[in-house]
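Okay, structure first, notes after.
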Amino acid sequence: MPDGGETADRQPAVAPDARVPAVAPDARAPGLMLGEDVRVGDGVRFGAHVVVHAGTIIGAGCVIEDHAVLGKRPRLAKGSAARGEVGRLELHERVSVGAGAVVLAGASIGEEVIVGDQSFVRERSSVGAGTLIGRGSVIDNDVSLGARASLQTNVYLTAFSVVEDDVFIGPGAITTNDDSMARHAPQAPLRGPILRRACRIGAGALLRPGVEVGEEAVVAAGALVARDVPPRAVVMGVPARVVREVGAEELLERWR
């Protein structure tokens, strides 16, 4: 779950864009704030009032829209399981970061990823090339999100989730990683779900900690997934049960 409360690290200072002559004049925008040692590639475009914290790397051709915040350090509650090393934020080439989005230090965002308006990506999470993160979605800390995945509006990927390539997650889907709801030993491991290649998760589905959804499987809208889902199975209901197999005509290679 997202943390709030005490500051884990002092926030790095940010400086007005006038202090960073390395940024080309055509990349500047009203209210742009860049921290120390920010690296900006060729052809980057900034919207108004963007804040880029110290050490952030922005690849060539990226578009950073109004009021986005990049490279902010995480703020953690006492006893948070999210503690660990936090490095630089790196945006690879041609990433689009939407208005009001926040991407924390330590994340890695692959080429041509779209980070939707008001979405949030936390530290030590990686997002593969060509993935879409829909408006208002949250990628918690230590998530591995593969290439060409499609997350719709208001998806929540809990910490320590693994999402492989070409996965579809419908709007409002929620993953969880802690059956005890924080009443566990300090070092108890949290287990996010594992979503295998090209599986599809319907709108509003809820996945319990540690479940695995198999390759090319389908979870119907509103389902509660309490057990592993076999590859190519279609499950629905509360709790989710297998109702049929995904047909050959529905497999990803037929739709490329």
If I build a Gaussian network model for the chain, linking alpha-carbon pairs within less than 10 angstrom, which residue out of Pro239, Pro74, Pro171 has the largest mean-square fluctuation? Pro239
Cα lying deepest toward the dipole's positive end in the range 190-255, options Gly237, Ala217, Leu252, charges on Cβ: Gly237
What share of the DSSP beta bridges in the chain is antiparallel, in percent to the nearest 5? 15 percent
Taking the convex hull of Cα positions in the chain, its mean projected area over all directions (nm²): 13.4 nm²
Dipole of the range 124-169, Cα-centred, from +1 at each Lys and Arg C-beta and -1 at each Asp and Glu C-beta, to the nearest 20 debye? 160 debye
Taking the Cα centre of the chain as origin and charging only Cβ (+1 Lys, Arg; -1 Asp, Glu), how large is the dipole, in debye to the nearest 20? 520 debye
Treating the beta-carbon of each Lys and Arg as +1 and of each Asp and Glu as -1, no other charges, what is the dipole magnitude of the range 127-256 about its Cα centre, to the nearest 20 debye? 240 debye
Could you compute the FRET efficiency for His49 and Arg83, with r as their C-beta to C-beta distance and R0 at 35 Å, rounded to 0.05? 0.70
With both bridge residues required to lie in the range 182-256, what share of the DSSP beta bridges run antiparallel, to the nearest 5%? 30 percent
Val51: accessible area at probe 1.4 Å, nearest 10 Å²? 40 Å²
Ordering Ser144, Ser161 by how much accessible area each has at a 1.4 Å probe, largest first, what is the list? Ser144, Ser161
Given the options Gly172, Ile133, Thr56, identify the residue whose Cα lies farthest towards the positive end of the charge dipole of the chain (+1 on Cβ of Lys, Arg; -1 on Cβ of Asp, Glu). Gly172
Within the range 122-195, what whole-number % of the accessible surface is contributed by carbon and sulfur, with the 1.4 Å probe and all protein chains included in the calculation? 59 percent
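The values are calculated or read from the model by the stated rules, or taken from the named source; none is laboratory data. Note that the coordinates shown come from a computational prediction; the quantities given were computed from them, not determined experimentally. Glycine also receives a Cβ, built like all others from the backbone with ideal geometry; neighbour counts cover every protein chain displayed. The area values use the complete protein model at the heavy-atom level, side chains included, leaving out ligands, DNA and RNA. Shrake-Rupley method; radii C 1.70, N 1.55, O 1.52, S 1.80 Å.
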